[in-house]
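Input: a single structure, listed below in structure tokens.
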Amino acid sequence: MFEFVGERYRQILFASWQHFSLVVQCLILATLIAVGIAALVYRSKSLSSMANGVSAIGLTIPSFAAIGLLIAPFGFGVAPAVIVVAFFAALPILRNTIVGLAGISPSIVESARGIGMGRMRTLATVELPMAWPIILSGIRVSAQMVMGVAAIAAYGLGPGLGGFIFSGLSRLGGAKAFDSVLVGVIGVVILAFILDLILLGIGRLTTPRGIRV
């Protein structure tokens, strides 16, 4: 395997960067979408239940099948990979954001409204910061999950380390096939660990000491 890495280290580093970049960009997109939806529905029990139901059902969809279905309308390449990764990334974040916002004491919200804050200002400056630790927990779970989903996206010729995995599996038993699979799998695990450390650092920097959980 060391020989395999030595021969292809530039290709491995480039694929690793593509994989990491895909996951991070989709995670940012998914966070914006999920927080936006949660902000619209968390005050309504029926809408919150519906959103949580969609989240639960969405997680049961096989990512491999989702990639296959998107190849027909969007073709091979980056587009289906981004859609699938962002979709799966949004689901845990949506659930956690609803839980975090719904768990804030009504008296705190009323106090903010009582000093003249509007609904949007209260949401932006009081509710979201208080719910941030729970939201970030969802983002961390999502990041670990979609790191693997991004590897599956290589089936649709998406970028990243999944190419090494599928390339090795397609010629399993041949020369360097197992090495190719191993490099892809180990690379995904390392990237997941690095991203989790980054998110942990972001949490420490952005969460006020008084509400750290």
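The values are calculated or read from the model by the stated rules, or taken from the named source; none is laboratory data. Nothing here was measured: the structure is a model prediction, and the numbers come from that model. Heads up, the Cβs are rebuilt from the backbone with ideal geometry, glycines too, and the neighbour counts pull from every protein chain shown. These accessible areas exclude ligands, DNA and RNA; they are computed on the full protein's heavy atoms, side chains included. Shrake-Rupley method; radii C 1.70, N 1.55, O 1.52, S 1.80 Å.
Placing dummy labels 7 Å off each Cα toward the beta-carbon, the span from Phe2 to Leu59 is 4.2 nm.
How much area per residue is accessible in the range 76-209 when the probe is 1.4 Å and only protein heavy atoms are counted (Å²)? Walk me through the numbers on the way to the answer.
On the way: 6310 Å² over 134 residues.
In whole numbers, the range 76-209 has 47 Å² accessible per residue.
Net charge of the neighbourhood of Thr97, taken over other residues with C-beta under 15 Å away and scored Lys/Arg +1, Asp/Glu -1, is +2. Glu3 sits with roughly 110 Å² accessible to a 1.4 Å probe, with DNA, RNA and ligands left out of the calculation.
At a 1.4 Å probe, what is the % contribution of carbon and sulfur to the accessible area of the chain? Don't skip to the end; give the middle numbers.
Numbers: 8080 of 11350 Å².
The nonpolar share, carbon plus sulfur, comes to 71 percent.
Return a whole-number percent for the relative contact order of the range 55-197, with Cα pairs under 8 Å and 6 or more residues apart as the contact set. Intermediate results must be reported in sequence, preceding the final value.
Details: 164 pairs, mean separation 38.8, N = 143.
Result for the range 55-197 is 27 percent.
Here Gln144 and Leu13 are evaluated by their C-beta separation; at R0 = 22 Å the FRET efficiency comes out at 0.50. In sequence order, the range 37-47 has phi-based couplings of 5, 4, 5, 7, 10, 5, 7, 10, 4, 5, 5 Hz under the Karplus curve 6.51 cos²θ - 1.76 cosθ + 1.60, θ = phi - 60°, and Gly or Pro positions carry x. In terms of its Cα atoms, the range 63-208 spans 70, 35, 18 Å along the principal axes, sorted from long to short. Would you please state the base-10 log of I(q)/I(0) at q = 0.15 1/Å for the range 1-149, with intensities from the Debye formula using one equal scatterer on every alpha carbon? Debye intensities relative to I(0), on a log10 scale: -0.82.
Converting phi to 3J(HN,Hα) with the Karplus coefficients 6.51, -1.76 and 1.60 and the offset θ = phi - 60°, the range 182-190 yields 5, 4, x, 5, 5, x, 5, 4, 5 Hz in sequence order, with x at every glycine or proline.
Could I get the Rg over Rh figure for the range 51-91? Both from C-alpha atoms, Rh via Kirkwood, rounded to two places. Walk me through the numbers on the way to the answer.
Numbers: Rg = 10.6 Å, Rh = 10.6 Å.
Rg/Rh for the range 51-91 comes to 1.00.
Alpha carbon centre of the range 149-171 versus the range 62-114: separation in Å? Spelled out, the Cα-based centre of one part sits 23 Å from the other. Over the chain, DSSP H runs of length four or greater, each weighted -39,500 (n - 2.57), average out per residue to a 222 nm ellipticity of -27000 deg cm²/dmol.
Please compute, over every Cα-Cα pair in the range 75-150, the percentage with a separation greater than 15 angstrom. Provide the component values of the computation, followed by the final result.
Details: 1752 of 2850 pairs.
More than 15 Å apart: 61 percent of the Cα pairs in the range 75-150.
What does the extension gain come out to for Ser170 and Ile104, with contour length at 0.36 nm per residue minus their alpha carbon separation? Each step should come with its number before you reach the end.
On the way: separation 66, 0.36 × 66 = 23.76 nm, distance 5.08 nm.
Residue separation times 0.36 nm, minus the Cα-Cα distance, leaves 18.7 nm.
Which is the longest run of the chain containing none of the trypsin sites (Lys or Arg not before Pro) found in DSSP loop states (not H, G, I, E, B) with at most 14 other C-beta atoms within 10 Å?
Numbers: sites that count: Arg43, Arg171, Arg212.
Looking at the chain, 44-170 is the longest stretch - no exposed trypsin sites (Lys or Arg not before Pro) with at most 14 other Cβ atoms within 10 Å.
Return one number: the angle in degrees, 0 to 90 and rounded to the nearest 10, between the long axis of the Cα atoms of helix 78-102 and the longest principal axis of the Cα atoms of the chain. Rounded to the nearest ten degrees, it is 30.
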